[in-house]
Amino acid sequence: MALFLDEQQVTDVLTMEMAVAAVEEALKQHGLGTAINNPRTRVRLPTGQLHMMGAALPARGVIGYKAYTAFRGKARFHVMLYSTDTGELLALLQADRLGQMRTGAASGVATKYMARADARNVGIFGTGWQARSQLEALCAVRQIQVIKAFGRDAMRRQRFCVEMTQQLGIPVEPADTPEMVVKGMDVVVTSTSAREPLFDGNWLEAGTHVNAIGSNALIRREVDDATVRRSALIVVDSKEQARLECGDLLGPLERGLIHWEQVRELGDVVAGLISGRREASEITLFESHGLAIWDLAAGMAVYDAAKAKGIGREIAL
């Protein structure tokens, strides 16, 4: 019997602390070469797309995939978890909330290993669904004191700041200009669907860490050449996937500002194969695109917790 968990049940079970721990371990296994992650593939129609992401985490006893559709402005996410011992289906999860949390958790892990230990101030571009878990994850790994947020819609920006201040218990302030989100910040997050850079990379203070999560297509770009050029360490979640999707790095690579040999993977950092930060003054950059191993790791954390709590519905397939 497989366990079915709907969105509300996943939300009830999954905490950010669980998500960060699960994603961190998955990244470690990826760095050690004991996890398998296939890049995202897409099936396109005039009316929408099907996205597929497969992976295996043998250390967690799971192989599976995430599939999601995007049609007429609505996305639907599902994760399937199978046993690596028997091949049987363990669980089917609705995965919108899970995807939000694991994406935030990955930025949390990158911040844990790449940001300065004394990082306290955060600037974020974007006030949508994904921006919320980004802030939650950063607060889980650093003692954040002040957050400034910028979005194009002033009313939405204000509402986001009020709600996140209540949720996090620290001041989340609306910023009137992009410059206010970058100057004086220890961590800068970009969580948008922008096609042009959001800020001037020359505004970045020495020692800043940047989490860029929105450039998951070659037509999208959140950071400029100056940000890339000034980054002492550029890390992606998967070089194989970044080659297919990373609009932020495509231009700088083609113009010879950087080379693929300079780009490293977050799993290498978490596994201790390279350092995420050598000097306090370095600018570091994490480009996040989303890996299926994150979905499987977070999914198994939810599955184990749900089984222990007697949550979910068993189905025969």
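Nothing in this text is a laboratory measurement; each read-out follows from the coordinates by a stated rule. Because the structure is predicted, anything quoted here is derived from the model rather than measured. Neighbour counts run over all protein chains shown; Cβ positions are idealised from the backbone, glycine included.
Simple rule: put +1 on each Lys or Arg Cβ and -1 on each Asp or Glu Cβ in the chain, find the dipole, and look at 190, 145, 273; the Cα lying farthest toward the positive end is 190.
Its alpha carbons give the range 211-260 an Rg and a Dmax of 9.8, 25 Å. Only helices enter the 222 nm calculation for the chain: every DSSP H run of n ≥ 4 contributes -39,500 (n - 2.57), and dividing by all residues gives -11500 deg cm²/dmol, rounded to 500. Shown here for the range 222-317: trypsin sites (Lys or Arg not before Pro) in loop regions (DSSP other than H, G, I, E, B) with at most 12 other Cβ atoms within 10 Å, namely 255, 278. With neighbours defined as other Cβ atoms within 10 Å of a residue's Cβ, the residues 246, 139 order from fewest to most as 139, 246.
Mind telling me which of 166, 158, 100 comes out most flexible in a GNM of the chain, alpha-carbon contacts under 10 Å? Comparing 166, 158, 100 in a Gaussian network model of the chain, the most mobile one is 166. Using 0.36 nm per residue and subtracting the Cα-Cα separation, the extra length available between residue 274 and residue 143 on full extension is 44.7 nm. Taking the Cα centre of the chain as reference, the dipole from Cβ charges on Lys and Arg (+1) and Asp and Glu (-1) amounts to some 520 debye.
Note on the range 26-81 and the range 133-151: Cα centroid distance 27 Å, given to the nearest whole angstrom. Plainly put, the range 107-287 has a radius of gyration that is 0.94 times its Kirkwood radius, both from alpha-carbon atoms, as the Rg/Rh ratio. Each of (i) 19.7; (ii) 20.3; (iii) 20.9 is a candidate for Kirkwood radius over Cα pairs in Å; the one calculated from this structure is (i). Net charge dipole, the range 168-317: roughly 360 debye, given to the nearest 20, about the Cα centre with Cβ charges of +1 for Lys and Arg and -1 for Asp and Glu. For the peptides 212-222, 106-116, the ranking by packing is 106-116, 212-222, with the highest mean count of neighbouring Cβ atoms within 10 Å listed first. With 25 Å as the limit, write out which pairs from 28/239; 74/239; 112/148 have Cα-Cα distances beyond it, or answer none. 74/239, as the Cα separations exceed 25 Å there. For the range 7-52, the Cα-based Rg and Dmax, in that order, read 15.5, 40 Å. For the range 185-317, pairs of C-alpha atoms spaced more than 18 angstrom apart make up 58 percent of the total.
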